[in-house]
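Everything below concerns the one structure shown next.
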């Protein structure tokens, strides 16, 4: 059912609104994300998106496409390789690298910006949907299709 | 300036609104998070919060308290140990486990629910704020104080 090499991607632009909503729902109002004035004095000179917000594109690629609705997260590693600025278009690319069992998939999870710079590298282990679970939904979200949020 | 054993925590209740906002800003509308009907047929019987949303409390504890405003993420590992249901109160506990250098801290990052069940285990490596950066903000967010979002 699942094979090594199966892949999908999901793309999203991160706006100022996204960053402020993430700050609100998590409580992380670190001014590197929320304050233009503060950010101007940092190494990046402007505000950056929260790392876990950017990583949300991985969650979307996995949860909506590969393997899709019904799957559950067991683990995720995230290496933040480059900053994501407000307005950047981030594409998560996910690829099955090991079928551990019928109930465990290891997935390479990487995010790139609009200039093809890798901003996040990492790996997830997930539980795919149980047989029958989410099938109806998955039909409308074929793996490999490009996300348009 | 930073010592092994320094710790802080941050607490937040995750509401249905938080979950739907996270689904909106990331694109992860996996029905295990957003559909009561779908979730009723899953192993957990009800909707669960996104793992990366719950992990946001770690981001908040690090970004607001230890080491606080101005810090940057280099990496984060997340092991999802138990489900987080809507309405659960999650406390992130973060503790410095290694001062790698003046510019690198290794932090143990764990989240617990209101019943003291560990829901996330993991570790972060972060860059603390540069000298002078964020000092004014940090004064009002003393490390170790309990978050009230």
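The values are calculated or read from the model by the stated rules, or taken from the named source; none is laboratory data. Everything numeric here is computed off the predicted structure, so don't read it as measured data. With ideal geometry, Cβ positions are generated from the backbone for all residues, glycine too; neighbour counts draw on all protein chains shown.
Okay, here's what the table says:
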{"read-out": "Qualifying residue in the range B:12-22 (condition: at the interface with chain A (Cβ under 8 Å from one of its Cβ atoms), assigned to a strand (DSSP E or B) and in contact (Cβ under 8 Å) with a residue 24 or more places away in the chain)", "value": "yes"}
{"read-out": "Check on residue B:9, more than 9 Å from chain A (Cβ to nearest Cβ), surrounded by 21 or more Cβ atoms within 10 Å (Cβ to Cβ) and in contact (Cβ under 8 Å) with a residue 60 or more places away in the chain", "value": "yes"}
{"read-out": "Tally, over the range B:72-94, of residues that are surrounded by fewer than 16 Cβ atoms within 10 Å (Cβ to Cβ) and either away from chain A (no Cβ under 14 Å) or in contact with a helix residue (DSSP H, G or I) (Cβ under 8 Å, 6 or more places away or on another chain) (or both)", "value": "1"}
{"read-out": "Residue within the range A:39-51 that is free of Cβ contacts under 8 Å to residues at least 24 places away in the same chain and assigned to a helix (DSSP H, G or I) present", "value": "yes"}
{"read-out": "Total residues in the range B:104-149, condition modelled with pLDDT under 95 and surrounded by 12 or more Cβ atoms within 10 Å (Cβ to Cβ)", "value": "12"}
{"read-out": "The one condition in (1) under 12 Å from the mean Cα position of the chain (by Cα); (2) within 22 Å of residue A:123 (Cα to Cα); (3) in contact (Cβ under 8 Å) with a residue 60 or more places away in the chain that residue B:91 fails to fulfil", "value": "(2)"}
{"read-out": "Matching residues in the range A:31-64 - criterion: being more than 7 Å from chain B (Cβ to nearest Cβ), buried (at least 24 other Cβ atoms within 10 Å of the Cβ) and over 12 Å from residue A:86 (Cα atoms)", "value": "A:58, A:61, A:62"}
{"read-out": "Flag for residue B:98 being within 27 Å of residue A:12 (Cβ to Cβ) and either at pLDDT 95 or above or surrounded by fewer than 17 Cβ atoms within 10 Å (Cβ to Cβ) (or both)", "value": "no"}
{"read-out": "Unmet requirement for residue B:68, which otherwise passes all of (1) in contact with a strand residue (DSSP E or B) (Cβ under 7 Å, 6 or more places away or on another chain); (2) more than 7 Å from chain A (Cβ to nearest Cβ); (3) buried (at least 19 other Cβ atoms within 10 Å of the Cβ)", "value": "(1)"}
